[in-house]
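Reading through the structure tokens given below for one structure.
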């Protein structure tokens, strides 16, 4: 489909070294885009043995989004940017988010860095009349009893998506989001590696399967394409019917 041809486009996926971000990055690459990704490790080969991390064909750079100063001083190699995907994420288990240090740590990555990255690349997106896609979570729409920071940050990400969409539309930037449900990544191993918890989770999903990074990538391709040219401020829930 011509509308999903990203040949000649530059895409940057923050958090694209693994998981959902990596699936989105590879999808854009397969559609012809030049794709840069970032992660916290020194070099791409440091991810070679990690499940759910495929960096072939992607330009890797190190960027620790938990540090706003690092984001501000980041100097990308690309001079043009057509699509920015913010897929960074953090979560703490064993009630770590009920401690203020843990709460702040998760908020810094999951919410504060979204605004820092969006602001950093706004001029480039405005120059290209580009697209910004924020990856949040279905956790934004229901309680997550053991993870108050994760929940609050994802709810904040949905609100930020709406607000930036309105604020930046006049400059030609389309801002939208994706809210994944339960996706099989390293961040969800606490559920997927526990047979009882996994079965309970699957019983609540009408499609009776976990989501995959490729499922999320389809929504990202759509939102960044001309097919979504009149859509701003929307967060598409991609969850197999979990919260429908």
Here is a list of conditions, (1) surrounded by fewer than 22 Cβ atoms within 10 Å (Cβ to Cβ); (2) touching a residue at least 24 places away in the same chain (Cβ under 8 Å); (3) out of contact with any strand residue (DSSP E or B) (no Cβ under 6 Å at 6 or more places or on another chain), and residue 123 meets all of them except one; can you say which number that is?
(2)
Which of the following residues is surrounded by fewer than 23 Cβ atoms within 10 Å (Cβ to Cβ) and closer than 26 Å to residue 235 by Cα: 66, 17, 45?
66
Report, by residue number, each residue of region 5-52 that is at pLDDT 95 or above and assigned to a helix (DSSP H, G or I).
20, 21, 22, 23, 24, 25, 26, 27, 28, 29, 30
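Okay, residues lined up against (1) in contact with a strand residue (DSSP E or B) (Cβ under 6 Å, 6 or more places away or on another chain); (2) in a strand (DSSP E or B); (3) within 21 Å of residue 143 (Cβ to Cβ); (4) modelled with pLDDT under 95:
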position	(1), (2), (3), (4)
177	yes, yes, yes, no
189	no, no, no, yes
198	no, no, yes, yes
207	no, no, no, no
216	yes, no, no, no
227	no, no, no, no
230	no, no, no, no
237	yes, yes, yes, no
243	no, no, yes, yes
Checklist (1) surrounded by 21 or more Cβ atoms within 10 Å (Cβ to Cβ); (2) at pLDDT 95 or above; (3) within 23 Å of residue 16 (Cα to Cα) applied to residue 182, failing item
(2)
Looking for whichever is surrounded by fewer than 22 Cβ atoms within 10 Å (Cβ to Cβ) and assigned to a strand (DSSP E or B) here; the options are 77, 93, 60. Which one fits?
60
Taking the options 106, 69, name whichever one is out of contact with any helix residue (DSSP H, G or I) (no Cβ under 9 Å at 6 or more places or on another chain), in a helix (DSSP H, G or I) and under 18 Å from residue 39 (Cα atoms).
69
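The values are calculated or read from the model by the stated rules, or taken from the named source; none is laboratory data. Fair warning: this is a prediction, and the values are worked out from it, not measured in the lab. Positions of Cβ are backbone-derived with ideal geometry, glycine not excepted, and every protein chain shown enters the neighbour counts.
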